[in-house]
Structure formats: C-alpha cells, structure tokens
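Here is the structure we will look at, set down as structure tokens.
The values are calculated or read from the model by the stated rules, or taken from the named source; none is laboratory data. Since this is a predicted model, take the numbers as computed values, not measurements. All Cβ positions, even for glycine, are placed from backbone atoms using ideal geometry, and neighbour counts span all protein chains on display. Keep in mind that these areas ignore ligands, DNA and RNA; they rest on the heavy atoms of the full protein, side chains included. Shrake-Rupley method; radii C 1.70, N 1.55, O 1.52, S 1.80 Å.
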Amino acid sequence: MTFSTGRAALFGSSLLAAMMVVPAWAAPSGEQPAVAQSLAPALMPLPSSVTFSGGALPLSEGFAVTWGHPPSAMLRAAAGRFLRRADALAGRVLPVAERPVDSTAGPVSLRIDAGLDAGWLSTRAKEDYRLVVGSDGVRLTASGPDGVLHGLATLTQLIVRDENGPKIGFATIADHPRFVWRGIMIDTSRHFVTVETIKRQIDAMEMLKLNVLHLHLSDGTGFRVESRVLPELTAKGSHGQYYTQAQIRDLVAYAADRGIRIVPEFDLPGHALAVLLAHPELAATHPVDPEPKNKNTAALDPTLPATLRLVRRLYGEMGGLFPDAYFHAGGDEVEPDEWVKNPKIVAWMNVHGDTTPQALQAGFTVQVQKILAAQGKVMVGWDEVSEAAIPSDVVVDVWRSSKFIASATAGHHPVIVSAGYYLDLLQPAGQHYLVDPYDPAANGVTREQADRLLKKGMRPDLVNAFLKEPAPPPLTGEQKAFVLGGEAPLWAELVTDEMLDARIWPRAAAIAERFWSPAEVRDVDDMYRRLAVVNAELQITGLQAEANRWRMAARLSPGAVDPVMVLAGATVPLRNYNMNRYVGRHGRRLDEIGEVASPDPAPALRFSMLVTRYVSGDHAVAPALRRQLVAWRDNDAAFAPVASVRGLSEARVTSRHLAVIAQAGLRALDGKPTLSDAEKEIFDQEDAAINSSADVSGSSGGPASLPPAGLMIAAEPAVRKLLGQQ
Ligand code: ACM
C-alpha cells in the first residue's frame, strides 16, 4: 500500500479538521480528578437527565428480569446480552446452581415495560427510556424496543465496584437522543473486514447507543458482496474476499437485533475500478489499467445506456439484500479528467448541454435516484452530489467541509454530517468531540491551509470544496430540522482487521456522545475521564482493541512486550494522513509499532492532565508525575535490546528521545528546568513532527520532520509545560 493508492482526496478529506498544533488531550482544562477514577459511574453518552440519590444495591447475585408484557424474541435476547455483560462487569463466575443459597442479597429485580413501535429500525423509531434504580430494584420503561436497548446499555454502565464488590447506585434517568442518525462507517474495500470483527463493532455500537452501520462495500480496491445477478463482480474484483449473501443476511439480522440499521454503500460512478475489472466496457478511460498508481480514479462512463443498466441490476439486487430504507450510492471524488479526456463523453455532454463534469454527474445522480426510488429506497450520496440540482429527497453525506451542511439544508436535503468525525485522520477523541453537527463552520481548511494545498498542486476546485471560509451563518431552525445526525467514518487504507477495533474505539464513543447528548455536554476533561472507564467496559464485554494492540506488540517482541507497550503508550501515530504520506515515502507493513500506538494513549493522557494540575499549583501530584517520567526514561534501556527487529527498529530514535524528554521533565520537577543544546534540538524535532502532522495541508517542517517510525511523542508538549515553556 502506498500513499498514491490511498484515496485521491486524502489531502482533501482531512483538510477538514479544525487543526490544533497541540493535541486537545495535551491541554486539558478544568478541575477533574486525573489519577484515581471516582466510583461514580461513567455514563456515555451522558443522558439528558440523571439524578443520583445515594444508596446502592449489591450485585453479588445479579439481576432477575421480569416483563410488563410478554417480550418479543428480540427483547428476550437483549435482556440475555445485558445479563451476560453485567456478569462480565460484576465478575460473577459461579453458575446459578452453585451460587450460595443463604445469600441475604438475592438478585436485583429488573422490571421492564416496553411499548410497541411501528417505526422501529427507521429514522422515526421511539428511542426514549426512563430508568429508576431504588431500594426495590430497577424499573426500565421505554416507549419502544430501542428504548429498552438504550436503557439496558445505561444500566450496564451503572455497575461500579467498591470495597464490598459490584453494586449499582440509586439513580433516576430520563433520556432520549438529540439526533436520530448516529452512525459509524467502515470501509471494507481497502482492507477486508471479517464478519466476526464487524459483529464486535455492532456489539460496541449497541453499548454506545449508535444506531447506523454504514458499510462501504465497493471501491477501487475491491467489491465485497456476492452478487448472483452479476457474479463477475466478485470473481474479478474481490481477490476472493467478499461477504456471501447469507453472511450479509446474518449481519443485517445481528445488527437489527441490537437496534442498528445497516446502510450499504456501493460507490459509483467514481471509485469504480473493482467494478470495471469485470466490466471494462463501461469505463470512461480505455484500456482499464488493473494496477494503476491510484486505485480511486477509474470511473464509469455515465453516458452509456449499459452503465445505467448495470446500476439498475446491481442496486436492484443489493436493495433487496439490504432491507434498510436508505441506500448509499457514493458519488464522491469523480476525477473530471476521466470524463473530459474522453472525446465521446465530451461530445455527449455537448449534445445534452452538460457544460461541466459536475452537470454530467448531476444527470447521472438523477437517474440513480430514480432507480432507487422505484424500489422504495432513499438515496444517500457524498456531498459532491449536492453541487448540482438534484431531487431534494437525496440525503447528503457531508464530508469535505461543514459548509455543505448549510448549502444542503438550504436546498432542503436531509443531511448526515461526517465532516469532523473522520476516524482515519487519527485525531484525538477530544477534537472530534467538540465538532457539533449543527455547526456549518466547524470543519474544513482555512484560507492559509488552502493556499498551501494549491501550492502543492492540488486541483483548485477540490481545494475550494474543502475550504471552510467564509463561514456560513449559523443554521436556521428550519435548516436544523434537515440534519438527521452524523457518522464517524473509518477509511481503511492503513487499517487491517486486527487493527480495526482500536482505530474505531474508544474514539467513536466520544463521537456517540456528540450525536446523542445535549449540545451543552462539552467538557473534554470529563469526557476523557468517562471514556477511560467506558473503554475498559468495552474490552471486558468483548471488544478486542486493547487485546489486539497487545498481540501486535507481542508479535514484534514476544519475550519483552512491556517496553513496546510503554513506548506505544507515550506516543501517537502521525495524524491527518501524514501516516499515509509516510507510508508512501518509506513503505511499511501494517504490523509495526505505529499500528500499536493509539491516537489517545492513556498513559500520556493521564500524564498531561497531571501536569496541568501540577503547574496550577497542585504539587501533590508530583510523585505520580515522577513515577511516569522514570518509567519513560528507563524504558529506553529495556527497549534497546529488542529494537533490532523490523517494525521496532525505526522507533529506536523515538525511544531515545522519550528518555531524554523524560529526564528533562524529572529535572524540571527538581527545580532545574533547563535544557542543553542537544536536548533542545530533540524537543524541537518532536515539535516539528507535531506541527507537520497538525493538518493535511502539509508540514510546516517539511517531510524531513516525519519521524522515522511515524510516531510522535505525545508527552512532549506536557513536559514543555513542566519546563515552563508553554
Ligand atoms: C470520501 O472521503 N471520499 C467520502
């Protein structure tokens, strides 16, 4: 995988981000405790209303569930999952028959009353619930099945542990979501994702009250669903890696059981190489190169009647396989040259009065919308489709700049906001967390960043699309009503199956809160405090994010995993597609320490929060700071003997830099905040890496500032703070 085979707008797509040179987690504010987790439950997403009233029920005997009405099979299964998760969290390991009969506690009564909901598994679903925990047990009341799922998710998070073991505190919660569309998107084309891995994400989504799984199922690199109508698509375009129709039905049912709709995406007319390998006669450019430098570019010729016939057959079949009312038809990043360099297409455009490629695409979109509408489907398209007149019921998936939220809602298009939530940018959770779906100025590139991109030769029309300036005015109430919600996409150029859990979670949990909780819930430090707990709960109940990170570290260094994990815990991977650039330049397999590192490393996060407390006068945290700095300083000696293997050797420099930076931090704690010239140079190199990774418009430090392992020392800005330099 090289940078050039990454998405065409790699630069673009991230431009997106409201960029920060210093990561959000490195600059915490507020007075939240940073060391010990409080025993208060960590609810995420935070409910709209919650009151804790003191008192608690012991959980030594688990729950006994009763229903107001006979439950459906789906609700019975949901209660079963809840009981298994509660067991996993409470730590009860004895089978029922072997539990002590003389226990005074007994199981906690859980009474569930749920209404029926004709809108279940649609954007009209009733999702509200009310949860009361008191001395007589737990009462969960919901208008529909979704409310039961959400209430059980909250109840799971209410389980805490104190000196007497697991318990559940008295609470009264009334809750409903802010947005009806709360999704993640997984790219299964760039790297195939197994059914088992997708199911783990669905389980985690249920815990975070996310309700849409958007699967990106075709792209230049692969077509991933068995077609019985067009079997050549997987025969020629999947490398044998695709989902059978039986697997898709199983996945759809699995998700539905958890209140989650699967929205499929078959991306056309751009990103079409995998389709064109089976149908080269439909290509805009001939001959079709099966191994181009950029696999995103190849596009369909939209002027051919056969192209629309293929779309009709494919979408017809896939629309039946995926029952959801919404169908994502892609529409992003059509390379204009694909069309305007083909004289036949240009002649067709002249005859039909299409003066621009955008107009040609709009005509194609109109036809696709008709094909989908004839099946009763609502078309979704990336925001490029909104650049020309198309029917207003086409849902616009905003990704390049938040300004398209304003333009699309002004045109009465329902909107899904993906801009600001791109997980593959490897930005910290706190950055995504502050992006509000209603804010049309939240995300995109500044004029200055745009100028840098233009200088690098990026197409002016593309740069313009990513530009956030001039900021549109705030949305009117009428415009807001068109915003369905948002999605957090994970493009998978650099994400293998074993990396997927950790690239989605826990960051998607913070984004889930943005989509669910009231807009005023915006305290980043408090979010991180709760995120640490929620992340642990996700692992306890089945997510493999942390286990897979450990496995990857162990594969690199089976006899000495700790030094690899300690280094990974102090570092973050390059952000904003700089890792893609790095891979393009240096080549890389996706099994190195840069893949073990996470965008929100818990030790570095904790350290940064402690430093904030220390510099604001709380010197009681000094011993904890010292312990961490000593661990980082001494890690280099443990890392050096294992650093000869491929995948670790490039991190030698980072490990040495970490030791030097930690040593300087220790001196600062001793009241000697000075740096030698050699040390200063190391701090400056790390700053250059952070700066060069700060936005997708390119580095301020140049390519030389990309560190050799693609890793930045996350703790460096905090140590600078200790040194009084920030
Ligand atoms: C996209 O990121 N190309 C939608």
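Between S109 and residues 5 or more places away or on another chain, which pairs have amide H atoms under 5 Å apart, with H built 1.01 Å from N, and which residues are they?
A64, V138
Put H412, H586 in order of accessible area, largest first, 1.4 Å probe: what do you get?
Largest accessible area first, the residues go H586, H412.
With a 1.4 Å probe and all protein chains kept in place, how do H191, H328 rank by accessible area, largest first?
H191, H328
Where Lys and Arg each count +1 and Asp and Glu each count -1, what net charge lies around L230 among other residues with Cβ under 15 Å from its Cβ?
So the environment of L230 carries a net charge of +2.
For the range 446-580, rounded, prolate or oblate, judged on the Cα gyration tensor with a ≥ b ≥ c (square roots of eigenvalues), a/c < 1.5 rounded, else prolate if a/b > b/c?
On the way: a/c = 2.57, a/b = 1.41, b/c = 1.81.
Verdict is oblate for the range 446-580.
By the gyration tensor of its Cα atoms, with a ≥ b ≥ c the square roots of the eigenvalues, what is the shape of the range 469-534: rounded for a/c under 1.5, prolate for a/b over b/c, or oblate?
Oblate is the answer for the range 469-534, as a/c is 1.5 or above yet b/c matches or exceeds a/b.
Given the protein chains as shown and a 1.4 Å probe, how many square angstrom of R313 are accessible, to the nearest 10?
Answer for R313: close to 120 Å² accessible.
Once ligands and nucleic acids are excluded and a 1.4 Å probe is used, how much of E196 is accessible, expressed in Å² to the nearest 10?
Near enough 130 Å² of accessible area.
For Y326, which sequence-distant residues (separation of 5 or more, or a different chain) have an amide H within less than 5 Å of its own amide H, given hydrogens modelled in the peptide plane?
V378
Can you pull the Kirkwood radius for the chain, inverse mean 1/r over Cα pairs, to one decimal in Å?
After inverting the mean inverse Cα-Cα distance, the result is 26.7 Å.
Of the accessible area of the chain, with the probe set at 1.4 angstrom, what percent is carbon plus sulfur?
56
How much net charge surrounds V368 when only other residues with a Cβ under 14 Å from its Cβ are counted (Lys, Arg +1; Asp, Glu -1)?
Every neighbour counted, the sum reads 0.
Please list D501, D634 from largest to smallest accessible area, probe radius 1.4 Å, with all protein chains kept in place.
D634, D501
With a 1.4 Å probe and every protein chain left in place, tell me how much accessible area F482 has, in Å² to the nearest 10.
50
All other residues with a Cβ under 13 Å from the Cβ of R589 taken together, and with Lys, Arg as +1 and Asp, Glu as -1, what is their net charge?
-2
Let me make sure I get this right: for the range 152-208, a, b and c are the square roots of the gyration tensor eigenvalues over alpha carbons, sorted descending. Under 1.5 in a/c it's rounded, otherwise prolate if a/b > b/c, else oblate. Which is it?
Cα axes put the range 152-208 in the oblate bin.
With r as the distance between the Cβ atoms of W67 and A253 and R0 = 35 Å, compute the FRET efficiency 1/(1 + (r/R0)^6) and round to 0.05.
Values: r = 22 Å, r/R0 = 0.64.
After rounding to 0.05, the efficiency reads 0.95.
Keeping every protein chain present and rolling a 1.4 Å probe, give me the accessible area per residue for the chain in Å².
Details: 26140 Å² over 726 residues.
Per-residue accessible area for the chain comes out at 36 Å².
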